[in-house]
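One structure below.
The values are calculated or read from the model by the stated rules, or taken from the named source; none is laboratory data. Source: prediction; values computed, not measured. As a convention, Cβ positions derive from the backbone with ideal geometry for all residues, glycine included, and neighbour counts pool all protein chains shown. Surface areas here come from the heavy atoms of the whole protein model, side chains and all, with no ligands, DNA or RNA. Shrake-Rupley method; radii C 1.70, N 1.55, O 1.52, S 1.80 Å.
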Amino acid sequence: MSELSVMIIGGGIGGLCLAQGLRQAGVAVTVHERGKARTDWLQGYRIHINPAGSHALRTCLPAANWQTFLRTVSVDDGGFAFTTEQLTDLVRFTAEEITPTGGPDERHYGVSRIGLREVLLAGMDDAVRLGEEFTHYETTTDGRVTATFADGSTATADVLIGADGANSRVRRQLLPHARRINTGIVAIAGKHRLDGAALPRALTHDTNLVIPKRSGSLFTAVWHPDRRFTAPPQDAPEDFLLSYSMPFVLWGYSDAAAALPDGVESLSGADLQRLALDRTIGWAPALRDLIAGSDPHTVNALRIRSATPVDAWQTGPVTLIGDAIHNMTPMAGIGANTALRDAELLCHRLAEVAAGRSALLPALRDYERQMLGYGFAAVKQSLRNARQAGSGNRVGRAAFRAMMRTVGAVPPIRRRMAAQLGR
């Protein structure tokens, strides 16, 4: 096995999964994260892990971490539905229709971002360097890469991987022409506690996409933790915003920015709650109860952006994964899974280099070729969904709703769509 050193800029989901996989393969790796503490970059919402993401985690994580992951996912395997604003089903798929009958690494999971981050950090204390804010890199005369950090310190490795998110500084230097666009869509999201909540089963067990006659849409998803493993200590009261031991429903209302007040992102949680209620007047009482009953502390707004396609570049010892290259809208639920797919693929290619079965640049070139293909296909899909959410075209919405009813009524079409949801 040849010596190979890798440094990863950014301690997000993709970067940490890659680091775990490289350590498993015996590759020297360090993660340089600008946050000064593990809690500096916590995020409190639930994310969806699909079979591709599950497989990547199973492949890259040590066995103990994988088992911890399985203990920290939502214990309710609900279905997925498209509904009207009256919560009338257009089509509702059961979990059995969507989920393959394979092993644990071929399933869908709901997982807390915080819980997943902790799983990915476990056992990595000696590899994660906190408080190191990347500024730029330089390639050395022997083909290696030196990264410089804000405090003037440096680090050198054979490969530098930008996993530093949508505002990636590594991407800015490597691909200065790469752009992100404002989609013109704003999402308002919040969390409703489930303990004692009087909500219908459709909202407390299934994922739903509400398609009203007019503009906007509402997404709901459920978090049911296994409290045998996630219950906090009695002397440690939880912040519901960051909690992953309390059951909740996550909701997100999305609409065209032009339909919302200027400066919507700066509104308080309570004001955003009122705004979402104003936009959903006449909707099913249960949907409005979901919004109204949420903790205002958990409600925020985000202007949705998306990467534009990037052509292949000349491969060198610097590359990118996850949001650093193919940042996408949350409207397809595949951003984290695409980053995990990147991590698994790049881990395999670098492990081949370390084992002497491949040269470095051809391995990186093959990774970039595949990643750009599936990564920007995912970007395109999520951008299309975002634009549909903000469209006020009532004819188009009526056609979509009719199509979903047809899907539910015709078994072969229903099976095909369920299979697509299960990917």
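Any idea which of 25, 63, 81 is crowded, with 21+ Cβ neighbours inside 10 Å, modelled with pLDDT of 90 or more and aliphatic (A, V, I, L, M)?
Details: 25 fails: crowded, with 21+ Cβ neighbours inside 10 Å; 63 fails: crowded, with 21+ Cβ neighbours inside 10 Å.
Residue meeting the stated conditions: 81.
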| query | Given the conditions (1) open to solvent by 20 Å² or more (accessible area, probe 1.4 Å); (2) under 22 Å from residue 61 (Cα atoms); (3) among the hydrophobic types (A, V, I, L, M, F, W, C), and given that residue 209 satisfies all but one, which numbered condition is not satisfied? | reply | (2)
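Per-residue answers, yes or no, for (1) open to solvent by 30 Å² or more (accessible area, probe 1.4 Å); (2) hydrophobic (A, V, I, L, M, F, W, C); (3) touching a helix residue (DSSP H, G or I) at 6+ places or on another chain (Cβ under 6 Å); (4) modelled with pLDDT under 90:
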{"residue": "120", "(1), (2), (3), (4)": "no, yes, yes, no"}
{"residue": "128", "(1), (2), (3), (4)": "no, yes, no, no"}
{"residue": "135", "(1), (2), (3), (4)": "yes, no, no, no"}
{"residue": "139", "(1), (2), (3), (4)": "yes, no, no, no"}
{"residue": "149", "(1), (2), (3), (4)": "no, yes, no, no"}
{"residue": "152", "(1), (2), (3), (4)": "yes, no, no, no"}
{"residue": "157", "(1), (2), (3), (4)": "no, yes, no, no"}
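Is it true that residue 170 is surrounded by 15 or more Cβ atoms within 10 Å (Cβ to Cβ), in a helix (DSSP H, G or I) and touching a strand residue (DSSP E or B) at 6+ places or on another chain (Cβ under 8 Å)? Please lay out each step first, then the result.
Details: surrounded by 15 or more Cβ atoms within 10 Å (Cβ to Cβ): yes; in a helix (DSSP H, G or I): yes; touching a strand residue (DSSP E or B) at 6+ places or on another chain (Cβ under 8 Å): yes.
Against the criterion (surrounded by 15 or more Cβ atoms within 10 Å (Cβ to Cβ), in a helix (DSSP H, G or I) and touching a strand residue (DSSP E or B) at 6+ places or on another chain (Cβ under 8 Å)), residue 170 qualifies.
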| field | Residues within the range 286-323 that are within 21 Å of residue 46 (Cα to Cα), within 16 Å of the chain's Cα centre (by Cα), at pLDDT 95 or above and open to solvent by less than 10 Å² (accessible area, probe 1.4 Å), tallied | value | 2
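Quick one: which strands (runs of 3 or more DSSP E) sit completely within the range 40-154 and have at least 2 residues that are within 24 Å of residue 8 (Cβ to Cβ)?
Numbers: elements: 46-49, 80-83, 89-93, 109-112, 128-130, 134-139, 145-149.
The strands (runs of 3 or more DSSP E) meeting that bar are 46-49, 109-112, 128-130, 134-139, 145-149.
Here are 52, 95, 122: which of them is aliphatic (A, V, I, L, M) and free of Cβ contacts under 8 Å to residues at least 24 places away in the same chain? Full working, then the answer.
Values: 52 fails: free of Cβ contacts under 8 Å to residues at least 24 places away in the same chain; 122 fails: free of Cβ contacts under 8 Å to residues at least 24 places away in the same chain.
One residue alone meets the criteria, 95.
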| task | Could you tell me whether the range 327-337 includes any residue that is of a type outside the set (Lys, Arg) and in contact with a Cys (Cβ under 8 Å, 6 or more places away or on another chain)? | result | no
| said: Checking the structure you have, find out if any residue of the range 330-341 is surrounded by 18 or more Cβ atoms within 10 Å (Cβ to Cβ), among the basic types (Lys, Arg) and more than 29 Å from residue 109 (Cβ to Cβ). | reply: no
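So that you can scan it fast, the table gives a plain yes or no per residue for (1) more than 17 Å from residue 19 (Cβ to Cβ); (2) in contact (Cβ under 8 Å) with a residue 40 or more places away in the chain; (3) basic (Lys, Arg):
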{"position": "110", "(1), (2), (3)": "yes, yes, no"}
{"position": "126", "(1), (2), (3)": "no, no, no"}
{"position": "135", "(1), (2), (3)": "yes, no, no"}
{"position": "140", "(1), (2), (3)": "yes, no, no"}
{"position": "145", "(1), (2), (3)": "no, yes, no"}
{"position": "148", "(1), (2), (3)": "yes, no, no"}
{"position": "154", "(1), (2), (3)": "yes, no, no"}
{"position": "157", "(1), (2), (3)": "no, yes, no"}
| message | Looking at the structure I just gave you, is residue 370 crowded, with 17+ Cβ neighbours inside 10 Å and assigned to a helix (DSSP H, G or I)? | response | no
| query | How many residues does the range 373-414 hold that are modelled with pLDDT under 90, of a type in the set (Gly, Ala, Ser) and surrounded by 14 or more Cβ atoms within 10 Å (Cβ to Cβ)? | reply | 4
| field | Extreme residue, farthest from the chain's Cα centre (by Cα), among residues of the range 270-285 that are more than 27 Å from residue 166 (Cβ to Cβ) and touching a residue at least 40 places away in the same chain (Cβ under 8 Å) | value | 282
